[in-house]
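Enquirer: Below you will find the structure I want to go over with you.
What follows is calculated from the coordinates using simple rules that are stated; it is not laboratory data. Bear in mind that the values here come from a model prediction, so they are computed numbers and not experimental data. Cβ sites come from the backbone with ideal geometry, for glycine too, and all protein chains shown count toward neighbours.
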Amino acid sequence: MRRLFLAVPLPRQIKKRLALEVEELRKLLPDWTIKWVDPENLHITLVFFGWVKEEQIETLQAEIRTAVPESLPFDIATGKLSRKGRPLWLEIESGRNELQALAETLSKKLTLKGSLKEEREFHPHLTLGRIKKRGRKNLPKTDQSFGWRADRLVLYESKFVRKQRIYEEVFSFPLGE
């Protein structure tokens, strides 16, 4: 069994810029306790499948490969800093409709639905951390937007290695091919 999810990856330069932004947020929220996402693990989740049997992975890859050519590469840009419950994220401003369309296409084409079968509506966002304890200060306004071209999806495996969560690329799916 492997713990899998499908996501839009971020380019390395955007991860580096976001790491600097997270450092600024740490300084602006000194009384908050937040488990920050490692910059290497930053992504936009489309579907969280959870535990998948080894023999299901090949079928899953084939189904994703069939669904992905319907989607062309598109631009993504982040917006304001938000939270809902424990997750702390950047909203997606540009590329929101394309991410919605991708999620809908996948929900129609995949037999292994994962989080697509959830009752809550898909909400495109970029998770930066999980709030353990909220502080007194309000969330700061984010002036900076982070933008990139989404040209592929990645099926990741989530592993726990030496007390640390890592995401390993299992397979990449180019958009628009």
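Enquirer: Search the structure for amide H atoms under 5 Å from the amide H of Gly129, placed 1.01 Å from N in the peptide plane, and list their residues when 5 or more places away or on another chain.
Expert: Distant-sequence amide H within range of Gly129: Val37, Leu88.
Enquirer: With axes computed from alpha carbons, what is the tilt in degrees of helix 12-28 against the longest principal axis of the chain, rounded to the nearest 10 within 0 to 90?
Expert: The helix 12-28 is inclined about 30 degrees to the chain.
Enquirer: Taking a virtual spin label 7 Å from the Cα of Thr111 along the C-beta vector, which residues in the stretch 43-63 bring their backbone nitrogen under 12 Å of it?
Expert: Only 56-63 fall inside the zone, counting backbone N under 12 Å.
Enquirer: Here is a follow-up. What is the order of Lys80, Lys163, fewest Cβ neighbours within 10 Å to most?
Expert: Lys163, Lys80
Enquirer: Extension gain Arg65-Ala101, at 0.36 nm per residue separation less the Cα-Cα distance, in nm?
Expert: So the extension gain works out to 11.4 nm.
Enquirer: Can you give the net charge of the other residues whose Cβ lies under 15 Å from the Cβ of Pro30, counting K and R as +1 and D and E as -1?
Expert: +4
Enquirer: Please turn the phi angles of the stretch 78-83 into ³J(HN,Hα) values with the Karplus equation 6.51 cos²θ - 1.76 cosθ + 1.60 (θ = phi - 60°), one per residue in order, whole Hz, x for glycine and proline.
Expert: Result, rounded to whole Hz: 7, x, 6, 7, 9, 8.
Enquirer: Sticking with this structure for a sec: Taking H as built 1.01 Å from N, whose amide H comes closer than 5 Å to the amide H of Val52, not counting residues under 5 places away?
Expert: Distant-sequence amide H within range of Val52: Arg2, Arg3, Leu4.
Enquirer: Turning to a different aspect of this structure: At 1.002 mPa s and 20 °C, plugging the Kirkwood radius over alpha-carbon pairs of the chain into Stokes-Einstein gives what diffusion coefficient in µm²/s?
Expert: After rounding, the answer is 126 µm²/s.
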